[in-house]
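**Q** Dropping a structure here in structure tokens format, bear with me for questions.
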Amino acid sequence: MTTYDGWGRVPAYLRTRTQLAELEYPRVPGEVAAWVKTFDWRGKPDTLDLFDWREAAPSPASAAQLEAAQRSTVRECGECGARPDGRLWELSGGVRVCRPCLLVARLRRVQRDLAEQRRGYAREVAELLGAEPGPVVVYPRRIRPPRPEGAARTPAVCAVELDTWTDGRRSRVVLRVGGARNPHVPDGAVPLAEGAPAAAALLAGRTPVVWNEEAADELAAIGEHLGRAGQDVPGRGRMWSARWTATVWRGDLDVSTRALGAVVDPGTPDRLALLLRRIAATADEPVPASTA
């Protein structure tokens, strides 16, 4: 039998014992048809039996008994007027609603929270861009030769690249770390000792802005190479990652899970700088009326 990973994958004809009992015309469960993995009221993992209502017999209750019970039971959604077979859910205001309206209410609540977070993040970006000197947007990359088939270790770094945007100007420095004869060193790469001062100058005195934590790790590793060349660069603690701020600012919610969707990396430092300016420009915008 099938075990479903969450309610979103359970077919409509499968119900738990409780759901069958809550039907307007209740059913008595037969054989277990499947299971669903869920969480109990304490938030702990749980697995529930599922029954096919098409194979479940009507309960012993007569029509007269069900009619009497109906007088004391709310069966109409207070939002959309739907009359589902199963239960209704109660919102904080006491209104009982169907499942779609419940999901809409929960989605709206998440949207309201995101609207407040969005303003806070936009103000943070505005402060970052307004600092003197301004930040430097960095796309770092460690360049490695292909790993030989069957090799257990990661191949050595043969070059590192800093692609930056600051003060309206894009700069790119590629430093050769490995030997000059390494065929995987990009054209135009300069020896580490020669190019390290220029690379360090791109970062000096500024907050490095990277896209995500992985890029921050890359920049920290490049900083170690620059440090061995006698150059002082900002440490890991001074870096600022933009991905999560962009994720909240975009607010692209999955309507079923209410989880934020992944955002696309702008791809180049000048494009990330443009995204930051667009975020900062919304710092003082009012909260939309629909989420206020």
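**Q** Anything in the stretch 76-109 that is among the β-branched types (Val, Ile, Thr) and closer than 22 Å to residue 12 by Cα? List them, or say none. Write out each step before concluding.
**A** Step one: of the stretch 76-109, the residues among the β-branched types (Val, Ile, Thr) are 95, 97, 104.
97, 104, listed by residue number.
**Q** Give the stretch 217-247 a look and list any residue that's under 15 Å from residue 272 (Cα atoms), in contact with a helix residue (DSSP H, G or I) (Cβ under 9 Å, 6 or more places away or on another chain) and not in a loop (DSSP other than H, G, I, E, B), or say none.
**A** Those that are under 15 Å from residue 272 (Cα atoms), in contact with a helix residue (DSSP H, G or I) (Cβ under 9 Å, 6 or more places away or on another chain) and not in a loop (DSSP other than H, G, I, E, B): 240, 241, 243, 244, 245, 246.
**Q** Is it the case that residue 159 is assigned by TED's automatic domain parsing to the domain that holds residue 177, on the phi < 0 side of the Ramachandran plot and among the small types (Gly, Ala, Ser)? Spell out the reasoning first.
**A** On the way: assigned by TED's automatic domain parsing to the domain that holds residue 177: yes; on the phi < 0 side of the Ramachandran plot: yes; among the small types (Gly, Ala, Ser): yes.
It is true that residue 159 is assigned by TED's automatic domain parsing to the domain that holds residue 177, on the phi < 0 side of the Ramachandran plot and among the small types (Gly, Ala, Ser).
**Q** Could you list all residues from the stretch 108-151 that are of a type in the set (Gly, Ala, Ser) and closer than 30 Å to residue 199 by Cβ?
**A** Those that are of a type in the set (Gly, Ala, Ser) and closer than 30 Å to residue 199 by Cβ: 126, 130, 131, 134, 151.
**Q** Condition first: part of a loop (DSSP other than H, G, I, E, B), buried (at least 18 other Cβ atoms within 10 Å of the Cβ) and modelled with pLDDT of 90 or more. Now tell me which residues in the stretch 128-178 satisfy that.
**A** 135
**Q** Let me ask something else about it. Answer yes if at least one residue in the stretch 127-142 is closer than 24 Å to residue 230 by Cβ, in contact with a strand residue (DSSP E or B) (Cβ under 8 Å, 6 or more places away or on another chain) and free of Cβ contacts under 8 Å to residues at least 60 places away in the same chain, and no otherwise.
**A** no
**Q** Being of a type in the set (Lys, Arg) and more than 18 Å from residue 87 (Cα to Cα) narrows it down to one residue among 27, 42, 15; which is it?
**A** After ruling out the rest, the residue left standing is 42.
**Q** A further question on this structure: Being closer than 21 Å to residue 165 by Cβ and in contact (Cβ under 8 Å) with a residue 24 or more places away in the chain narrows it down to one residue among 233, 264; which is it?
**A** 233
The values are calculated or read from the model by the stated rules, or taken from the named source; none is laboratory data. Keep in mind it's a predicted model, so treat the numbers as computed, not measured. Here Cβ is always computed from backbone atoms with ideal geometry, including for glycine, and neighbour counts include all displayed protein chains.
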